[in-house]
Every structure is written in structure tokens, then in C-alpha cells.
């Protein structure tokens, strides 16, 4: 992972979510996965905060 991180969130299951310039990552255990940005979001959008939606 080579990006400037802007925000992080740990969900109730312990998964860590990271947001950076045009990208989103999920860390579960020792595995890091890049996650596609939500539909309608085009780089270079930058996530600035994350929360869990119910």
C-alpha cells in the first residue's frame, strides 16, 4: 500500500478500514484488500471520515 492515508475506522468485528486519496482499504487479520470506492465517487476524491451505517 503506497498512499497518503486520511482516515481510519475499526468496526465492531475488529476490521480496520483506511481511506486515502481515491482509495479505500480493509485490513482483516493479516490480509489487506483494496476496496472499490462507492458508486458515483471518482478519484481523486478523498475520504475524510468513516462511520458504520446501520
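Side notes on the structure shown:
- Count of the range 11-54 residues which are free of Cβ contacts under 8 Å to residues at least 40 places away in the same chain and either assigned to a loop (DSSP other than H, G, I, E, B) or in contact with a helix residue (DSSP H, G or I) (Cβ under 9 Å, 6 or more places away or on another chain) (or both): 19
- Among the residues of the range 6-22, the ones that are surrounded by 14 or more Cβ atoms within 10 Å (Cβ to Cβ) and either out of contact with any strand residue (DSSP E or B) (no Cβ under 6 Å at 6 or more places or on another chain) or at pLDDT below 90 (or both) come to 4 in all.
The values are calculated or read from the model by the stated rules, or taken from the named source; none is laboratory data. On a predicted model such as this, the values are computed, not experimentally measured, just so you know. As a convention, Cβ positions derive from the backbone with ideal geometry for all residues, glycine included, and neighbour counts pool all protein chains shown.
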